[in-house]
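S.K.: Okay, handing you the structure first.
The values are calculated or read from the model by the stated rules, or taken from the named source; none is laboratory data. Because the structure is a prediction, the values reported are computed rather than measured. For neighbour counting, all protein chains shown are included, and Cβ atoms are generated from backbone atoms with ideal geometry for every residue, glycine included.
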Amino acid sequence: SAPRTFRIAAIPADGVGAEVVAAGRAVLDALAQSSGGAWTFDWTEFPWGCGYYEKTGRMMDEDGLKILEGFDAIYFGAVGWPSVPDHVSLWGLRLRICQNFDQWANVRPVHFHPGVTSPLRKADDTALDWVVVRENSEGEYAGLGGRNLSGRGPGNEVALQTSLFTERGCERIIRFAFDLARTRPRRKVSSVTKSNAQQYGMVLWDEVFARVAEDYPDVETESVLVDAMSAKFVLHPEELSVVVASNLNADILSDLGSALAGSLGLAASANLNPQRRFPSMFEPVHGSAPDIAGLGLANPIGAIGSAALMLDHFGLADEAARVRKAIERTTASGVLTRDVGGTAGTDEVVAAVIEHLA
Ligand code: NAI
Ligand code: MG
């Protein structure tokens, strides 16, 4: 039969984004080569990002979304550079794609790698592994609000940044979290809000959580306030399996999780449109890391792990497992970048992962 071709739009964007996207592509291409021609990846790379903005005044092509719609997936690096205000670059590219393609479920595994020292002593003798499920279409990042609303003049400016919580939006992400919990060894969902202080949107979330939980009697549940959950990540991480939270809270918690696992550079992420009406987008959790960009020092594990999530999305579960195994073997063998205490460059880690694919 004809080889199956997956069309992937690569958007390295800024800083270390270019280095880690190249890393993930190299691993996927090596994997495809060893598939005996059963399937191939057809890459198209787009030059969007802050450099593109400096030339054109836009973060992406005007027709960018139309162009991306035809792809099976988007493989993204990181956006942001000191030459462009962060809210302009983020909204102009990454959030534009996430929101217009209704990628409402952002899945962010917190995974501990062999050979990587965690700042958590518990990680030494406990198997730790959980997933942050982030509501990715509304909440605190709905973009609602405005500035200079009072008209009261200099020194008296008033700005509003309004959160949006819809019953449908809460329900779909909470159901997604429960369905994910059923696929994991520990069937448990922890819901995170700040409903004691945010009495409208987050109380709605809590109520939807309690209602949806009734449909999953086989899944343990808990509702935890976000400040308490941040403490729990550090003190009782062994009690976590699936953690579902709003856009901002989950953004913060997933950085905390990846730092506990050893580095921001390790963490993978999938922005999913579960109905598959639009392409989903796979990217490392970290940003463009201007402090190490261009030096060949970036940890590519987060981006390679994101490529594995993309393989899962394509239905290539065995191949995703192969990539994960190769990552484990690489970290266990001590081939580590500087952020996790090693001396290897990005290229050496990529070469080791490819070698361990075999
Ligand atoms: P950052 O994630 O870029 O960097 C934070 C720290 O982690 C830095 O010390 C950096 O060197 C380190 N780090 C990050 N990725 C690494 C990797 N792969 N290997 C080794 N070390 C790594 O976050 P920061 O500094 O707050 O933001 C920098 C820029 O990135 C900003 O413009 C920000 O808006 C943007 N950003 C973009 C994101 C995205 O595209 N999804 C997410 C977060 C930030
Ligand atoms: Mg973040």
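S.K.: So which residues in the range 218-230 are in a helix (DSSP H, G or I) and surrounded by fewer than 14 Cβ atoms within 10 Å (Cβ to Cβ), if there are any at all?
M.R.: The answer is D227, A228.
Condition check ((1) closer than 30 Å to K66 by Cα; (2) within 16 Å of ligand 1 (Cβ to nearest atom)) across all residues:
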{"site": "Q199", "(1), (2)": "no, no"}
{"site": "L204", "(1), (2)": "no, no"}
{"site": "V212", "(1), (2)": "no, no"}
{"site": "E220", "(1), (2)": "no, no"}
{"site": "A231", "(1), (2)": "no, no"}
{"site": "P237", "(1), (2)": "no, no"}
{"site": "D251", "(1), (2)": "yes, yes"}
{"site": "S263", "(1), (2)": "no, yes"}
{"site": "S280", "(1), (2)": "yes, yes"}
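S.K.: Given the criteria more than 30 Å from G24 (Cα to Cα), touching a residue at least 12 places away in the same chain (Cβ under 8 Å), outside any loop (DSSP other than H, G, I, E, B) and among the aromatic types (F, W, Y), does F233 qualify?
M.R.: no
S.K.: I want to confirm something. Restricting to the range 241-286 and keeping residues that are within 11 Å of ligand 2 (Cβ to nearest atom) and among the aliphatic types (A, V, I, L, M), which single residue is surrounded by the most Cβ atoms within 10 Å (Cβ to Cβ)?
M.R.: Of everything passing the filter in the range 241-286, A267 is surrounded by the most Cβ atoms within 10 Å (Cβ to Cβ).
S.K.: Only one residue in G17, G57, G36, G77 is surrounded by fewer than 20 Cβ atoms within 10 Å (Cβ to Cβ), assigned by TED's automatic domain parsing to the domain that holds F278, modelled with pLDDT of 95 or more and small (G, A, S), so which one is that?
M.R.: Criteria check complete, one pass: G57.
S.K.: Looking at (1) under 20 Å from H313 (Cβ atoms); (2) under 21 Å from the mean Cα position of the chain (by Cα); (3) in a loop (DSSP other than H, G, I, E, B), which one does G77 not meet, given that it meets all the others?
M.R.: (3)
S.K.: So which of S137, S163 is under 20 Å from the mean Cα position of the chain (by Cα) and not β-branched (V, I, T)?
M.R.: S137
S.K.: A follow-up question, please. A293 passes all but one of (1) without any contact (Cβ under 8 Å) to a residue 24 or more places away in the chain; (2) under 18 Å from V16 (Cβ atoms); (3) surrounded by fewer than 19 Cβ atoms within 10 Å (Cβ to Cβ); which number fails?
M.R.: So A293 meets the others, but not (1).
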